[in-house]
Amino acid sequence: MSVYGPISFMEPRHADVPAGLLTVGQTAALLGVSVDTVRRWERDGRVAGFRTPTGQRRFRQHDVEQLLTPGGTSREGGEQG
């Protein structure tokens, strides 16, 4: 569950996406940005992500929600912005 209440699009669309993990599309929708922006932010270290064994990006929901808070960051000790 999101800190902002239940968000229906946050539910995994695929059985292979465990609860608490988001796809790049779900992350982009939550943050209100494009998937290209999420990819760029991951590359630049602004949001922490990882790759599945099949190469798909995944983001921890908690990390993404941290970006929605003022001064939030998804990397410990890092700064947003």
Quick calc: nm separation of the 7 Å Cα→Cβ label points for His62 and Arg39 -> 2.9 nm
Table column - 3J(HN,Hα) (Hz), the range 40-47, Karplus curve with 6.51, -1.76, 1.60, x for Gly and Pro:
5, 4, 5, 4, 7, x, 6, 9
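Rule-based calculations on the coordinates, nothing more; no lab input. Everything numeric here is computed off the predicted structure, so don't read it as measured data. All Cβ positions, even for glycine, are placed from backbone atoms using ideal geometry, and neighbour counts span all protein chains on display.
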